[in-house]
1. How many residues, within the range 397-419, are of a type in the set (D, E, K, R) and closer than 26 Å to Ile370 by Cβ?
2. Give the residues of the range 141-159 that are open to solvent by 10 Å² or more (accessible area, probe 1.4 Å) and near the ligand (Cβ under 9 Å from one of its atoms), sorted by residue number.
3. Which residues, taken from the range 76-88, are over 17 Å from Asp19 (Cβ atoms) and in contact with a strand residue (DSSP E or B) (Cβ under 7 Å, 6 or more places away or on another chain)?
4. Within the range 149-163, can one find any residue that is of a type in the set (D, E, K, R), in a loop (DSSP other than H, G, I, E, B) and closer than 28 Å to Arg273 by Cα?
5. Does Gly293 satisfy the condition of being at positive phi, more than 16 Å from the ligand (Cβ to nearest atom) and not charged (D, E, K, R)?
6. Among the candidates Leu197, Leu187, single out the residue that is within 16 Å of the ligand (Cβ to nearest atom), in the same structural domain as Leu226 (by TED's automatic domain parsing) and modelled with pLDDT of 95 or more.
7. Checking the structure you have, find out if any residue of the range 160-178 is aromatic (Phe, Trp, Tyr) and within 16 Å of the ligand (Cβ to nearest atom).
Amino acid sequence: MNNNNIYIETYGCQMNLADTEIVMGILKNYGYQITKELELADVVLLNTCSVRENAEQRIYGRLGNFKKLKSSKPNLIVGILGCMAERLKKDLIEEKKIVDVVVGPDEYRRLPEFIDMAFTGDKGIGVKLSRTETYDDITPYREDGLQAWISVMRGCDKFCTYCVVPFTRGRERSRAINSIVEEVKGLSQRGFREVTLLGQNVNSYNDSGNDFSDLLAACADVDPMLRIRFTTSHPQDLSDKLLYTIAANQNICKYIHLPVQSGSNRILKLMNRTYTIEHYMEIIDKAKSIIPGVSFSTDVIAGFPTETYEDHLMTLEVMRNVRYDGAYMFKYSPREGTKAFKMEDDIAEESKIKRLTEIIDLQQRISYEINQALIGTEETVLVEGFSKKSEKFMSGRTDSNKVAVFPCSESIKEGSYIKVKINRATSGTLFGDVISTSLPSEKDLYKTA
Ligand code: SF4
């Protein structure tokens, strides 16, 4: 046992945020303390992301800062976790003399052992990928709060040609449905108000025949006042059963994050996305008919190898047809080790930026129009706290994950559900007046006006 202080920084997606909570659970069980003060740290861990070049460059920059710190604190242990550990283990250990510990997403159980090795002057390296590891029995270390994320599965078998995830997080494996439901029960008892179920591709979740719809329904049954969200879906695995499950459970948010990536079938084929735009639009139309008021967000890549301006126009066309509430939009970044890396990155940087700008501008316009159309309507908002901009206002989120800002009052409590009448909107935020400060029952919670 020891009482060294661990300082952790997390980069990248929600899966990494959930992993950091698992890592903290493992280290606390081993007697480590978690500190938020870098100065007090005996061990510094960076939980990293490799999805794009700039994500990795950020980490190299941060390691530079620690080099200075280490010169004044020679016993400080610096460790790299996450996707970069898996992808760049050799470079991190050999080139970056500053790094003492490199542990990939499937070897966190042995992290205390690797840190102990580093304290004795050896390098602690654990980067094996597992076909079974789900950390099912590990209780993530979570501070009290309103929202929690739970990783229900790990890895991905899709092998989209531009993506490093299958190489950094391994093959798909699902946690046991009972352990997830127990975790949701624990969070409900602790006063959490929203849970997001996470996976690189949650729709292919399967635990001895229980598929993702079964898991979602079981989590929704735990507490009707607990909102359930999930991300990320893959069009190929989004079943009708899942759509009916969302429609049938009031507390499953009517919001689906469904990456499209491109509007061109030729590019989708080169990306190995395994669906056509026609198939994708069928799912969107079906979801709209099965789930009244359902809203969508997506991921889009601009400038994939060989993308023509016509292909790009097809992407804009899909965005106009679906009308997403929001999107994560990036220009193509070649990743070594992926199939697309062997394709010539033949779209000029200037064109990538121009196309990405057109995509972002279009999405901004659509988000603005969608939010304008909500003026005059009443939204159920989960109160999260004071607005970032002023103590006179509070903010929260709607069922479709929009931020809503409203005047604060003593009767409004964090974690409560309130009704807000929308009177103004931007592309990113709704503004309104509170018309009911407490929605005592489930029935009131989901009554739409
Ligand atoms: S579905 Fe494709 S993009 Fe998503 S994590 Fe898997 S391989 Fe990557």
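1. Within the range 397-419, residues that are of a type in the set (D, E, K, R) and closer than 26 Å to Ile370 by Cβ number 4.
2. Cys156, Asp157, Lys158, Phe159, listed by residue number.
3. Within the range 76-88, Leu76, Ile77, Val78 qualify.
4. As a first pass, look at the range 149-163 and keep what is of a type in the set (D, E, K, R): 154, 157-158.
Keeping just the survivors that are in a loop (DSSP other than H, G, I, E, B) gives 157-158.
Next, from what is left, pick out any that are closer than 28 Å to Arg273 by Cα: 157-158.
Yes, the conditions are met somewhere in the range 149-163.
5. yes
6. Details: Leu187 fails: within 16 Å of the ligand (Cβ to nearest atom).
From the options Leu197, Leu187, the qualifying one is Leu197.
7. yes
Matching residues to (1) on the phi > 0 side of the Ramachandran plot; (2) without any contact (Cβ under 8 Å) to a residue 40 or more places away in the chain; (3) open to solvent by less than 30 Å² (accessible area, probe 1.4 Å); (4) not β-branched (Val, Ile, Thr):
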position: Glu39; (1), (2), (3), (4): no, yes, no, yes
position: Leu45; (1), (2), (3), (4): no, no, yes, yes
position: Arg58; (1), (2), (3), (4): no, no, no, yes
position: Arg62; (1), (2), (3), (4): no, no, no, yes
position: Lys67; (1), (2), (3), (4): no, yes, no, yes
position: Pro74; (1), (2), (3), (4): no, yes, no, yes
position: Ile80; (1), (2), (3), (4): no, yes, yes, no
position: Lys90; (1), (2), (3), (4): no, yes, no, yes
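The values are calculated or read from the model by the stated rules, or taken from the named source; none is laboratory data. Please read these numbers as outputs of a predicted model, since none were measured by experiment. As a convention, Cβ positions derive from the backbone with ideal geometry for all residues, glycine included, and neighbour counts pool all protein chains shown. The accessibility values were calculated without ligands, DNA or RNA, using every heavy atom of the protein model including side chains. Shrake-Rupley method; radii C 1.70, N 1.55, O 1.52, S 1.80 Å.
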